[in-house]
Amino acid sequence: MSSKETRTAPKTEYVIEPGKQEIVTTTILDAPRELVFRAYTEPDLVAQWWGPYRYELDIKKFDSRPGGEWRVDHVGKDGSRHGFRGVNHDVVAPERICQTFEYLGVPGHVALQTATFEALGNKTRLVTQSVFQSVMDRDGMVASGMKEGADESMERLAQLLEKMKAGK
């Protein structure tokens with residue numbers, strides 16, 4: 001059995017409608033929303049889960065306050081770098097984060113992302129809406145392998161949340 005088969009990931013539902021400029025994802029995480037929100041807003045925690053397994057995350061800047069900027073790089077084993085950046089427009093702990101998102105490999109194509117954290121007892125419903133400037137931008141994001149990377153990120157986040165719940 002490969003390591004990929006032994007991992008368990010939370011199920012993420014994707015809504016990607018033809019002709020629309022948005023992607024909506026919904027994931028149920030087995031952790032209280034305060035922990036999930038911390039994992040989204042504390043740089044040392046973000047570095048442990050954001051992005052596919054094949055990359056390490058190099059955090060250049062990470063200010064989780066309204067108006068705060070963030071800038072991170074995915075770094076491959078071969079030294080390749082893929083940069084991302086954005087600005088937080090609205091941060092309401094532990095309920096919501098609204099920010100811009102830009103992949104620096106294709107600069108100028110900025111999406112507006114809103115993540116909401118809904119308490120479900122000791123679980124959290126995480127809903128992320130990403131609105132792109134055009135359908136073409138949205139389709140480009142989907143074609144880039146976004147779903148695989150997002151699924152791996154949610155798997156890594158679930159693993160981190162288990163450690164956080166255990167106090168590790």
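When the stretch 104-137 is examined, which residues are found to be hydrophobic (A, V, I, L, M, F, W, C) and assigned to a strand (DSSP E or B)?
Matches in the stretch 104-137: Val110, Ala111, Leu112, Ala115, Phe117, Ala119, Leu120, Leu126, Val127, Val131.
Looking only at the stretch 147-161, decide whether some residue is surrounded by fewer than 15 Cβ atoms within 10 Å (Cβ to Cβ) and in contact with a strand residue (DSSP E or B) (Cβ under 7 Å, 6 or more places away or on another chain).
no
Of everything in the stretch 52-64 that's in contact (Cβ under 8 Å) with a residue 24 or more places away in the chain and touching a helix residue (DSSP H, G or I) at 6+ places or on another chain (Cβ under 6 Å), which residue is nearest to Glu95 (Cα to Cα)?
It comes out as Ser64.
Does any residue of the stretch 131-149 turn out to be within 13 Å of the chain's Cα centre (by Cα), of a type outside the set (D, E, K, R), at pLDDT 95 or above and under 26 Å from Lys11 (Cα atoms)?
no
Being of a type in the set (Gly, Ala, Ser) and free of Cβ contacts under 8 Å to residues at least 12 places away in the same chain is the filter; apply it to the stretch 73-127 and report the residue that is nearest to Tyr40 (Cα to Cα).
Of everything passing the filter in the stretch 73-127, Gly121 is nearest to Tyr40 (Cα to Cα).
In the stretch 1-93, which helices (runs of 4 or more DSSP H) lie fully inside it and hold 3 or more residues that are surrounded by fewer than 13 Cβ atoms within 10 Å (Cβ to Cβ) and not basic (Lys, Arg)?
Qualifying helices (runs of 4 or more DSSP H): 3-6.
Based on this model, can you work out whether Arg156 counts as of a type in the set (D, E, K, R) and not in a strand (DSSP E or B)?
yes
Would you pick out the residues in the stretch 12-49 that are without any contact (Cβ under 8 Å) to a residue 24 or more places away in the chain and out of contact with any strand residue (DSSP E or B) (no Cβ under 7 Å at 6 or more places or on another chain)?
Glu17, Pro18, Glu42, Asp44
Looking only at the stretch 100-128, which residues are in contact with a Lys or Arg (Cβ under 6 Å, 6 or more places away or on another chain) and farther than 18 Å from His89 by Cβ?
Glu118, Ala119, Thr124
If you go through the stretch 75-90 one residue at a time, do you hit one that is farther than 23 Å from Glu34 by Cα and hydroxyl-bearing (Ser, Thr, Tyr)?
yes
The values are calculated or read from the model by the stated rules, or taken from the named source; none is laboratory data. These figures come from a predicted structure and were not determined experimentally. Note that each Cβ is placed from the backbone with ideal geometry, even for glycine, and that neighbours are counted across all protein chains shown.
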